[in-house]
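The values are calculated or read from the model by the stated rules, or taken from the named source; none is laboratory data. Here the structure is a predicted model, which is why all the values come from computation and not from measurement. Counting neighbours? That spans all protein chains shown, and the Cβs are built from the backbone with ideal geometry, glycine included. Side chains included, ligands, DNA and RNA excluded: accessible areas come from the protein's heavy atoms. Shrake-Rupley method; radii C 1.70, N 1.55, O 1.52, S 1.80 Å.
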Amino acid sequence: MKLKVKYLFPNIPELISQEGDSGFDVRAAVEEPIKIEPFGRVTVPTGVAVEFINQSYAPSCSAELQVRPRSGLTARGIVAQFGTIDLSYRGEISITIFNFNNTEATIEPLDRIAQLVVCPIFKPVIEAAKQLTPTKRGNKGFGSTGTK
């Protein structure tokens, strides 16, 4: 599988990933700082669009590009919204960022704001059923497996 990247913003650095890292840092493709109000959110362009070149050998296997928060920003209460970029999307990737602080936050031009991680997707064949195989847990919901 290959990922073609189209750079849409002047001076936006190429997507790179350090040896052993799972993701590619994306940056704020803005010319002026963006202010985020306390407990507010903004959507920030990244200046990149992508295309997967799928070389999968399994018909039920595909991929997605996940948007994930960066730990350095999260530690400061500024969190990128987790999201999915599907194979068919060709537009500029934008990231919604939340400010969980009671003070204003600022995103500067070319700040690293999120990570993009390629993840496999396995699509099963859907089969309608009148019953499912019973288990010990059954239909018990949140917290039903215990705390230890």
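For Lys140, a cut-off of 30 angstrom between C-alpha atoms picks up these lysines, skipping any fewer than 8 places away in its own chain: Lys123, Lys130, Lys148.
Provide Phe142, Phe98, Phe39, Phe82 ordered by accessible surface of protein heavy atoms (probe 1.4 Å), highest first. Please list the in-between numbers first.
On the way: Phe142 215, Phe98 50, Phe39 140, Phe82 105 Å².
From most exposed to least exposed: Phe142, Phe39, Phe82, Phe98.
Measuring from label point to label point, each 7 Å out along Cα→Cβ, what is the Ile16 to Ser144 span in nm? Distance between the two pseudo-spin positions: 5.0 nm. Rolling a 1.4 angstrom probe over segment 38-148 with all protein chains present gives an accessible area of which 54% lies on carbon and sulfur atoms.
Distant-in-sequence amide contacts of Thr96, defined by a placed amide H-H separation under 5 Å and a gap of 5 or more residues or a different chain, comprise Val44, Gln81.
Against the compact-protein benchmark of 2.2 N^0.38 Å, the Cα-based radius of gyration of the chain scales to 1.32. For segment 52-116, the alpha carbon positions stretch 49, 20, 14 Å along the principal axes, listed from largest to smallest. Relative to one another, the C-alpha centroids of segment 70-139 and segment 8-49 are positioned 15 Å apart.
Taking a 1.4 Å probe, which of Leu8, Leu15 shows the most accessible area, and what order do the others take after it?
Leu8, Leu15
Cβ-Cβ distance of Thr74 and Val5, R₀ of 25 Å, FRET efficiency by 1/(1 + (r/R0)^6): the value works out to about 0.50.
If you sort Val125, Val42 by accessible surface, 1.4 Å probe, largest first, the order is Val125, Val42.
Accessible surface of Tyr7, taken over heavy atoms with a 1.4 Å probe and every protein chain present, rounds to 90 Å².
Here the dipole of the chain is about 920 debye; that uses its Cα centre as origin and unit charges on the Cβ of Lys and Arg (positive) and Asp and Glu (negative).
For segment 1-121, the solvent-accessible area of protein heavy atoms averages 58 Å² per residue (probe radius 1.4 Å; ligands and nucleic acids excluded).
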